[in-house]
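The values are calculated or read from the model by the stated rules, or taken from the named source; none is laboratory data. Keep in mind the model is a prediction, meaning the values are calculated, not measured. For neighbour counting, all protein chains shown are included, and Cβ atoms are generated from backbone atoms with ideal geometry for every residue, glycine included. Surface areas here come from the heavy atoms of the whole protein model, side chains and all, with no ligands, DNA or RNA. Shrake-Rupley method; radii C 1.70, N 1.55, O 1.52, S 1.80 Å.
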Amino acid sequence: MCGIVGYVGRRPCEELLLQGLEKLEYRGYDSAGISLLEDDGGVESVHAVGNLANLRAAVERTANDNGALAPAETGIAHTRWATHGKVTEENAHPHDDSSGKVHIVLNGIVENHAELRKRLIGEGENFTSETDAEVVAHLIAHHYDGDLAAATRDAYAELRGHYAFVAMHADEPNRLLGARKECPLVAGVGKGETFLASAIPAFLADTRVAVPIENGEIVEIEADGVRITDTDGTPIERAAEEVTWDAEAAEKGGYETFMLKEIHEQADAVAETITDRLPGDDGVDLSDVDLADEFLRDVGRIVIVACGTSYHAGLVGRYAIEEWARVPVEMDIASEYRYRNPVVGPGDLVIGITQSGETADTLAAMRLAREAGAKVLAVTNIMGSQATRDADAVLYTRAGLEIGVAATKTFLAQVAAMYLLGLRIAQLRGTLPAARIAELVAELKALPLKIDETLEAAAGPVRAVAEKHARREFFLYLGRHIGLPVCLEGALKLKEISYIPTDAYAAGEMKHGPIALLDESTPVVCIATESPVLEKVLSNVEEVRARGADTIAIATAGSERPGEVADATIEVAATDWILQPILAVLPLQLLAYDIAKARGLNVDQPRNLAKTVTVE
Ligand code: G6P
């Protein structure tokens with residue numbers, strides 16, 4: 001997650017770009033930068049570590065030192081959420097090529113940056129940052145022959161990954177080029193001025209006319225218009241759209257709540273978390289995580305500690321690590337672990353999962369383990385958070401800022417991170433055949449698209465179930481194996497935002513208690529995706545139906561049995577069965593959401609809950 005914005009027009013754009021960045025700060029805020037193309041062809045670039053107030057201060061300092069920045073009418077700007085390279089001024093965007101003529105801002109990840117960097121260095125280019133993005137500036141410069149559009153197309157053809165970028169050339173004032181591959185990009189068309197940004201809010205104060213850029217398109221903006229082409233330069237016609245959102249809706253990207261927006265940002269959150277860590281087809285690269293391969297290979301035991309939704313992500317991680325890497329994994333609620341005098345010590349790996357990096361119980365559990373001599377890994381979404389300081393190593397999720405109190409996209413990113421870890425350990429220990437690793441890598445890479453597919457396909461069926469059951473007084477969730485954490489998370493979501501009592505149970509254990517709660521008024525949500533335990537789950541569904549309860553099965557698309565057994569079926573895209581939680585949880589998030597909305601509740605700020613819990 002990063003935010004990019006560019007401007008071409010007839011007004012001085014420094015302030016316009018800074019204001020645009022402020023609206024994109026939710027996409028990242030660890031550093032920022034701006035490059036302005038001055039009338040004389042010079043480019044002034046300012047970078048700052050920290051939030052946008054720091055960039056403003058740096059811009060002011062530059063003005064005091066060098067005289068006011070010349071009023072530029074073309075410029076690009078960026079707010080960063082670090083992926084490749086530490087949070088430093090050098091790594092903040094915009095980046096330029098060795099001649100200082102080409103400047104770019106990029107959101108996303110260039111997968112083949114290492115090989116391109118090597119080649120370009122061989123050709124004499126001089127790199128100044130550790131980022132993957134810088135390669136784009138050099139590559140465009142390398143192809144440049146007087147036409148930024150042609151150079152951008154040629155560069156695009158060589159880039160692999162998941163990104164959107166905007167490029168500017170000092171010799172071509174009043175023109176910016178952009179390209180989109182999966183990450184968002186949208187043009188804003190004003191009177192005599194045009195914007196190009198990651199999201200509409202960046203320019204909404206100046207224009208309500210937007211032209212969305214689609215995957216695989218190159219876009220050129222000038223003060224008086226937008227030209228879109230495909231990668232061969234063939235023009236593409238696209239009608240402009242009038243944006244009708246008010247300021248509050250704009251902050252939510254046009255969604256009615258932050259939670260809904262964040263649910264729809266999940267493909268991106270997973271892609272950002274996995275893409276550059278799966279550089280090829282045959283394995284996981286966790287070189288950004290400071291844990292020696294030998295330690296991971298020889299680790300005798302893994303303990304995962306977490307709270308709330310993060311605990312559920314840990315549970316999925318446990319199944320994946322044990323299944324793939326054959327290392328014993330213990331999972332505990334952090335507030336329990338810290339007070340149970342746990343047996344832990346050297347040779348153990350203790351993983352604290354915490355999206356905020358600040359949850360008091362998780363931090364205490366991590367500290368206790370570290371003091372006992374275990375190696376501690378933090379899995380967190382927040383750079384510089386306490387967890388990153390208390391741990392020996394950090395595996396970052398890259399979900400971007402999450403505002404809704406009920407965690408959604410941070411959960412998916414955590415689960416994805418645990419898959420990466422499980423697969424990496426399996427690779428190091430040789431517990432999976434190469435072909436199985438390759439299969440899982442391919443399936444992981446396919447998840448972002450399947451997340452979007454599933455959200456779209458499930459929306460209607462979920463709404464129908466929500467309408468039917470919105471007034472029920474109790475929901476039961478059942479699942480087995482990898483489906484169990486999914487139902488725990490689904491039940492938590494519903495409880496958190498709709499205030500309906502829920503219970504989530506291992507399906508096989510239902511007959512030892514919860515079955516007594518069932519009657520005709522109980523909706524029972526069952527995770528019935530394809531897996532070696534599907535038949536067992538379906539037997540439990542039958543048992544539930546025999547008590548008159550209403551069963552809702554979450555099933556793999558194309559799988560017939562659940563539909564024959566359950567009262568309602570909601571399908572999710574097919575993937576490897578161990579990876580299924582990433583998709584199976586999506587309808588449950590939507591179900592909780594639709595029911596809470598139907599009950600007229602504030603889903604973004606449910607009563608009594610807090611996003612970050614820094615007390616015991
Ligand atoms: C709070 C939040 C949850 C979160 C839990 C753990 O209860 O409302 O969404 O799962 O804390 O937070 P953490 O930041 O440690 O993941």
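Numerical summary
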quantity: Region 164-203, accessible surface, carbon-and-sulfur percent (1.4 angstrom probe); calculated: 49
quantity: Global size of region 483-543 as Cα Rg and Dmax, reported in angstrom; calculated: 11.8, 34
quantity: Euclidean distance of C-alpha centroids, region 426-484 and region 174-251, integer Å; calculated: 33
quantity: Overall form of region 132-190 per C-alpha gyration tensor (a/c, 1.5; a/b vs b/c); calculated: oblate
quantity: With every protein chain in place, region 268-416: carbon and sulfur % of accessible area (1.4 Å); calculated: 46
quantity: Estimated FRET transfer efficiency (LYS191, ALA459; beta-carbon r; R0 25 Å; 0.05); calculated: 0.10
quantity: For region 166-227, average projected area of the Cα convex hull in nm²; calculated: 3.9
quantity: On Cα atoms only, tilt of 409-429 relative to the major axis of the chain in degrees; calculated: 80
quantity: Kirkwood-based Rg to Rh ratio, region 433-500, C-alpha trace; calculated: 1.10
quantity: Value of [θ]222 nm, deg cm²/dmol, for the chain, DSSP H segments ≥ 4, -39500 (n - 2.57) each, nearest 500; calculated: -11500 deg cm²/dmol
quantity: Surface share of carbon and sulfur [accessible, 1.4 angstrom probe, percent] for region 1-83; calculated: 45
quantity: Sorted peptide list for 329-339, 156-166, criterion being average Cβ within 10 angstrom, highest first; calculated: 156-166, 329-339
quantity: Gyration tensor (alpha-carbon) shape descriptor, region 1-154, a/c threshold 1.5; calculated: oblate
quantity: For peptides 117-126, 418-427, sequence by mean Cβ density within 10 Å, most packed first; calculated: 418-427, 117-126
quantity: Tilt relative to the chain, helix 581-598 - C-alpha long axis, 0 to 90 degrees, to 10; calculated: 90
quantity: Taking N as its residue count, the alpha carbon Rg of region 346-385 over 2.2 N^0.38 Å; calculated: 1.10
quantity: Listed residues VAL186, ILE76, GLY108: farthest to the positive end of the dipole of the chain (Cβ charges); calculated: GLY108
quantity: Charge dipole (debye, nearest 20) of region 1-84; +1 at Cβ of Lys and Arg, -1 at Cβ of Asp and Glu; calculated: 340
quantity: Neighbourhood charge, 10 Å Cβ-Cβ cut-off, centred on GLY146 and excluding it, Lys, Arg +1 and Asp, Glu -1; calculated: -4
quantity: Principal axis dimensions, largest first and in whole angstrom, of region 109-149 by Cα; calculated: 28, 22, 16
quantity: Translational diffusion of region 333-479, µm² s⁻¹ [Kirkwood Rh, Cα pairs; Stokes-Einstein; 25 °C; 0.890 mPa s]; calculated: 136
quantity: Shape call, region 70-135: gyration tensor on alpha carbons, a/c limit 1.5; calculated: oblate
quantity: Relative counts (whole %) of C-alpha pair distances in region 149-308, using bins that are 5 Å wide; calculated: 1, 8, 13, 16, 15, 13, 11, 8, 6, 4, 3, 1, 0
quantity: Mean separation of Cα contacts under 8 Å (6+ apart) over length of region 473-518, as relative contact order %; calculated: 43
quantity: Helix axis angle, 534-546 relative to the chain longest principal axis, alpha carbon, degrees; calculated: 60
quantity: Estimated FRET transfer efficiency (ARG119, GLU248; beta-carbon r; R0 41 Å; 0.05); calculated: 0.30
quantity: Point-charge dipole on Cβ atoms (K/R +1, D/E -1) for region 155-309, about Cα centre, debye to 20; calculated: 260
quantity: Full-stretch length increase - GLU256, ARG301 - with 0.36 nm per residue and alpha-carbon distance subtracted; calculated: 11.7 nm
quantity: Region 388-493: relative contact order as a whole-number percent, Cα under 8 Å and 6+ apart; calculated: 14
quantity: Cα-Cα pairs of region 20-86 separated by more than 15 Å (percent); calculated: 53
quantity: Protection proxy ranking of 503-509, 265-271 - average other beta-carbon atoms within 10 Å, highest first; calculated: 265-271, 503-509
quantity: The chain: C-alpha pair distances exceeding 38 Å, %; calculated: 34
quantity: Accessible area of the chain divided out per residue, in Å², using a probe of 1.4 angstrom; calculated: 37
quantity: Student exercise, region 105-145 dipole from Lys, Arg, Asp, Glu Cβ charges, in Debye to nearest 20; calculated: 60
quantity: Per-bin percent of Cα-Cα distances, region 444-572 [5 Å]; calculated: 2, 11, 21, 26, 22, 12, 4, 2, 0
quantity: Distance histogram for region 353-440 (every C-alpha pair counted, 5 angstrom bins, percent rounded to whole numbers); calculated: 3, 14, 21, 19, 18, 13, 9, 4, 0
quantity: Whole-number percent relative contact order across the chain, with pairs defined as alpha carbons under 8 Å at least 6 apart; calculated: 11
quantity: Area of CYS307 that stays accessible when all protein chains are in place (1.4 Å probe, Å², to 10); calculated: 40
